[in-house]
1. Through the Karplus equation 6.51 cos²θ - 1.76 cosθ + 1.60, θ set to phi - 60°, convert the phi angles of region B:235-248 into ³J(HN,Hα) values in whole Hz; use x for Gly and Pro.
2. In whole angstrom, how long is each semi-axis of the equivalent ellipsoid of chain A, when you take the square root of 5 times every eigenvalue of its Cα gyration tensor and sort them from largest down?
3. How would you classify region B:1-73 from its alpha-carbon gyration tensor, with a ≥ b ≥ c the square roots of the eigenvalues: rounded for a/c under 1.5, else prolate if a/b is greater than b/c, otherwise oblate?
4. Could you name the residue in chain B with the C-beta closest to the rotation axis that superposes chain B on chain A, along with the separation in whole Å?
5. Using alpha carbon coordinates only, what is the Rg to Rh ratio of the protein assembly as shown, with Rh defined as the Kirkwood radius?
6. From the phi of every residue in region A:36-52, what ³J(HN,Hα) in whole Hz does the Karplus formula 6.51 cos²θ - 1.76 cosθ + 1.60 yield, where θ is phi - 60° and glycine or proline is x?
7. When Rg is the radius of gyration of the Cα atoms in region A:55-158 and Rh is its Kirkwood radius, what does Rg/Rh come to?
8. Long-range amide H contacts for A:K239: which residues qualify at under 5 Å (H placed 1.01 Å from N, peptide plane, sequence gap of 5 or more or a different chain)?
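Every read-out reported here was derived from the displayed coordinates using simple, explicitly stated rules and does not represent laboratory data. Every value quoted in this text rests on a predicted model; they were computed, and no experiment measured them. Cβ placement follows ideal geometry from the backbone for every residue including glycine, while neighbour counts extend to all protein chains displayed.
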Protein chains: 2
Amino acid sequence: MKVGRTISAIRSVIAQGRADGKSIGFVPTMGALHAGHLSLIRAARAECDFVVVSIFVNPTQFGPGADYASYPRTEETDLAACESLDVAAVFAPPVEEMYPRPGLTTVSVDSLGDGLCGASREGHFDGVCTVVAKLLNIVGPDKAWFGMKDFQQAAIIKRMVADLNIPVTIELCPTVRESDGLALSSRNARLDEQSRSQAPAIYQALQAGSDILSKRKGSPADALTKARLIIETAAPLGKIDYLVAVDPNTLQDASATSSEILLAAAVEFPNARLIDNILVKRR
Amino acid sequence: MKVGRTISAIRSVIAQGRADGKSIGFVPTMGALHAGHLSLIRAARAECDFVVVSIFVNPTQFGPGADYASYPRTEETDLAACESLDVAAVFAPPVEEMYPRPGLTTVSVDSLGDGLCGASREGHFDGVCTVVAKLLNIVGPDKAWFGMKDFQQAAIIKRMVADLNIPVTIELCPTVRESDGLALSSRNARLDEQSRSQAPAIYQALQAGSDILSKRKGSPADALTKARLIIETAAPLGKIDYLVAVDPNTLQDASATSSEILLAAAVEFPNARLIDNILVKRR
């Protein structure tokens, strides 16, 4: 496995893979790899001969006061995990390699980024889109993998790729969970014991809402009321940032007649803001 | 020469060129090809085995009330010109092929697009950047050529390509002029006889300003005063939109000590807004 610290180094490694006729799969990450990331890498490896993983904690997607400095960094373990999964190359550049001068260029996706995480994390998705566009241009993969836990991010990236005709196929993988249902996140490690014990309430709440919607036992508003009650009762340390029922394509409020509804939540615990979602198909 | 009307058609033609080991050169245009465009195509052909020209009048870079509908369209002549210059493929898509759905994604370059043409053409450069990003992603060229007449556009595109790590080299070609100095433009055809006879004053004014600067006979302000006087005297039908002396890298006002200064002007004649510039090296 090659580790590229510069754009030219990783491009030359990938060009060799291309020249050997290999298909290029790409999994962009911010490191601190957990089983969710590993499932993306396995999915990529199952479809592509030559898998590239990037490890880059992108400063431009963290707002002022957000957790950029304290975001977990575990590169040695991450590299070992990649090696064990037969990753061909890891791109792990320093910040100056990705942003050698003040970046004047921004890629932004209107409307999809306005609600949910976009509402409380100003500029976050512009930072995500811009860095993902950069990484796709650097790596030039045939396919790239993203996790469903960051549903809004995935929707925005799919739209960016379609709108800008970026020659890559975006693949999504299901959220990986702890045995108690908590969605895996690099930020889970920062939860104190009490918060950790309360955090599974997010998924329980989404499941309860999903049950109401999928069996048409109630409206989106009913589902949200039930879910909110569960979080407020079972996770008093968590402050609900949002809890919504939206159309998975537009991310606008779902109507009572929608056949697919995304239930999504963000909850602020001390030291960690957690997100999760369930995509509900209604019979 | 192949003519592709769809993204998949042009990609498959270009993929064949790539598979044959050819280098891909790209000249994006809005058609109505004149000798300036042809110089770009010749430059591309001199360096690349396989030259792609796009002909697409991009609606998103025209403001409301701008001349999108009346912009000249001369496809038959354009295709003949491309054929005669040994162009391998022309990409001439309908609008619906480039924008099959409302585009939510915008690529924008801060600060470089604020002044000059950006000040009077709101959203123009966002439209330009977004469509050029799309075209570069569709064509995937090794090198792309742009004209110096649109200096600000070229500066913005170079910055976008650098900031987003788009794997292409941007090449610039000098402005091609009529024998009386008027910079070639597809819009020149729309000048009435009197405006046409006055329009060369723009270049004369820039030359006079350049003379003052290059020989250090005066300050940027002196050069602009002289240039303004020439346009106002010799081109009374033209209304000066801007006439500036700027740093060619930042496009911010040049200082008296700058070693390189871009003198640039935009002048509104009845039916046609003309732009021109001279890059002055100071001894």
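1. So the Karplus estimates, Gly and Pro as x, are 9, x, 7, x, 9, 6, 7, 8, 8, 9, 10, 10, 5, x Hz.
2. Numbers: eigenvalues 216, 82, 67 Å².
With the √(5λ) rule applied to chain A, the semi-axes are 33, 20, 18 Å.
3. Numbers: a/c = 3.10, a/b = 1.68, b/c = 1.85.
Oblate shape, in that a/c is at least 1.5 and b/c is the bigger or equal ratio.
4. B:V107, 3
5. Working: Rg = 27.2 Å, Rh = 26.3 Å.
Rg divided by Rh gives 1.03.
6. Values, residue by residue: x, 4, 5, 5, 5, 5, 4, 4, 5, 5, 5, 10, 10, 6, 10, 9, 10 Hz.
7. On the way: Rg = 14.5 Å, Rh = 15.2 Å.
Dividing the radius of gyration by the Kirkwood radius yields 0.96.
8. Close amide H contacts, sequence-distant or interchain: A:E268, A:F269.
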